[in-house]
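In what follows, a structure is listed as structure tokens, so that the remarks can point back to it.
Coordinate-derived values only; no laboratory data. On a predicted model such as this, the values are computed, not experimentally measured, just so you know. Reconstructed Cβ throughout: ideal geometry from the backbone, glycine too, with neighbour counts over all protein chains shown.
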There are 2 protein chains.
Amino acid sequence: MRWEPGTPRRLQEAALRLFATRGFEQTTAGDIADAAGVTERTFYRHFTDKREVLFFGQESLLDAFLTGVTSAPAAASPLEIVAAALHSAASFFPDERRSFARTRASIIEHNPALQEREQHKLSNIAAQVATALRERGVAEPAATLAAQTGSTVFHIAFAQWIKPGEHRELADIAADVFAQLETLISAPA
Amino acid sequence: MRWEPGTPRRLQEAALRLFATRGFEQTTAGDIADAAGVTERTFYRHFTDKREVLFFGQESLLDAFLTGVTSAPAAASPLEIVAAALHSAASFFPDERRSFARTRASIIEHNPALQEREQHKLSNIAAQVATALRERGVAEPAATLAAQTGSTVFHIAFAQWIKPGEHRELADIAADVFAQLETLISAPA
DNA sequence: GTCTATAGTGCGATAGAC
DNA sequence: GTCTATCGCACTATAGAC
């Protein structure tokens, strides 16, 4: 075999290591490629830009959300559908991933450009969930409202999930946050 | 006088014109600088990067949100505070700005990198509103939840405000969307 | 794989305002 | 004289074109 398999994975691992030690800006695409034993050109064949290497493997998160939407019972309210999507998405972050997620989050936290990309990805997921809701007959602006709200809950729950000392499962945290949202909005002033 | 005043404004106007006709990627920082009668280096003294030129003048939007938060009555619920912030922010987009907002939005719509920046700005505002809520005694995760929800409502309302044929004021649209959110979440399944 | 345009930074020089 | 905006040039890294 001419190349080692799993080049994207190796690039991601190398990138994570280098970003964590040296910082994102202080690491060039060439550095990452070298560490993974390929050329800079190869790095850019796998990732459209330097930031994208941190998002490898996240494609299936969207699928998880969408599967949750489509598999919700026909009688479910928009909010119930979103809750189902949230639950489905949460199962894509089992406890084994927590350590990786923490390292990754700390890298992103220290770089605005990476935060932009992360928010954009999440925003895209929300937009697709909104589309899926519309396909289930939910009208606008309810569809976008529900999808964005779900994205917000997910984001908050995820941030809690990776906090030091936190051991609960993501799905449980998400359910808690979701309940708090309902209290917040439904509660009388 | 050696330099014309208002260099940032002129750069923004030139950029808007060029981006709208030629496209964002097809316009170099040098092109914009030339059109505004300065050098490329001067462009970068006013804006940290090429995208930032589209966000000049938006600094005060954050202030509007924050003013809304702090000026809400002491007895207001988190959601009522957010509604006040929303109303305050809406007043920063009088009808005269609609045309500019439409041009700007159409440029951003056609470029992912600009969408990232836009989302990041909005996300920053939400984060600061959350901080302001915390300073008013709202606990987490309610503060972040309320702030993010407000940001979502604003975003949806703004998108509607700039739609062709839409003539209502932003504040009215925002109030509508806000009401829909309450229905969506409080409604029984 | 190589070649190149462009983004973005660092720094010294200059020109006017005060 | 100081302060600030501009210029001009050299430079690296990204990312796309060939």
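Averaged over peptide B:105-117, how many Cβ atoms belonging to another chain are found within 10 Å of each residue's Cβ?
2
Based on the Cα coordinates of the stretch A:1-148, what is the per residue volume of their convex hull in Å³?
Convex hull volume per residue, Cα atoms: 131 Å³.
In a GNM of chain A with a 10 Å cut-off on Cα contacts, which of A:Phe56, A:Phe154, A:Phe65 has the highest mean-square fluctuation?
With Cα springs under 10 Å in chain A, the top fluctuation among A:Phe56, A:Phe154, A:Phe65 is at A:Phe56.
Roughly how many debye, to the nearest 20, is the charge dipole of the stretch B:1-48 about its Cα centre, given +1 on each Lys and Arg Cβ, -1 on each Asp and Glu Cβ, and no other charges?
So the dipole magnitude of the stretch B:1-48 works out to roughly 160 debye.
Under the Karplus relation 6.51 cos²θ - 1.76 cosθ + 1.60, θ = phi - 60°, what is the ordered set of whole-Hz ³J(HN,Hα) values for the stretch A:146-159, x standing for Gly and Pro?
Running phi through 6.51 cos²θ - 1.76 cosθ + 1.60 with θ = phi - 60° gives 5, 5, 5, 4, x, 4, 4, 4, 4, 4, 5, 5, 5, 4 Hz.
Which aspartates and glutamates have a Cα lying under 19 Å from the Cα of B:Lys163, excluding residues fewer than 8 positions away in the same chain?
Reachable aspartates and glutamates: A:Glu140, B:Asp95, B:Glu96, B:Glu109, B:Glu118, B:Asp172, B:Asp176.
Using mean Cβ contacts within 10 Å as the protection proxy, how do A:86-93, B:17-24, B:169-176 order, highest first?
A:86-93, B:169-176, B:17-24
Against the empirical 2.2 N^0.38 Å scaling, what ratio does the C-alpha Rg of the protein assembly as shown come to?
So the protein assembly as shown has a normalised radius of gyration of 1.06.
Rank A:Ala147, A:Ala171, A:Leu61 by how far each Cα sits towards the positive end of the charge dipole of the stretch A:57-186 (+1 on Lys, Arg Cβ; -1 on Asp, Glu Cβ) and give me just the farthest.
Of the listed residues, the answer is A:Leu61.
Determine the distance separating the Cα centre of the stretch B:72-104 from the Cα centre of the stretch B:107-153; give it in Å without decimals.
Here the two parts' Cα centres lie 13 Å apart.
Hey, which lysines would be in cross-link range of A:Lys50, C-alpha to C-alpha under 21 Å, not counting anything within fewer than 8 residues on its own chain?
A:Lys121, B:Lys50
Roughly speaking, what % of Cα-Cα pairs in the stretch B:7-53 are separated by over 13 Å, rounded to a whole number?
42
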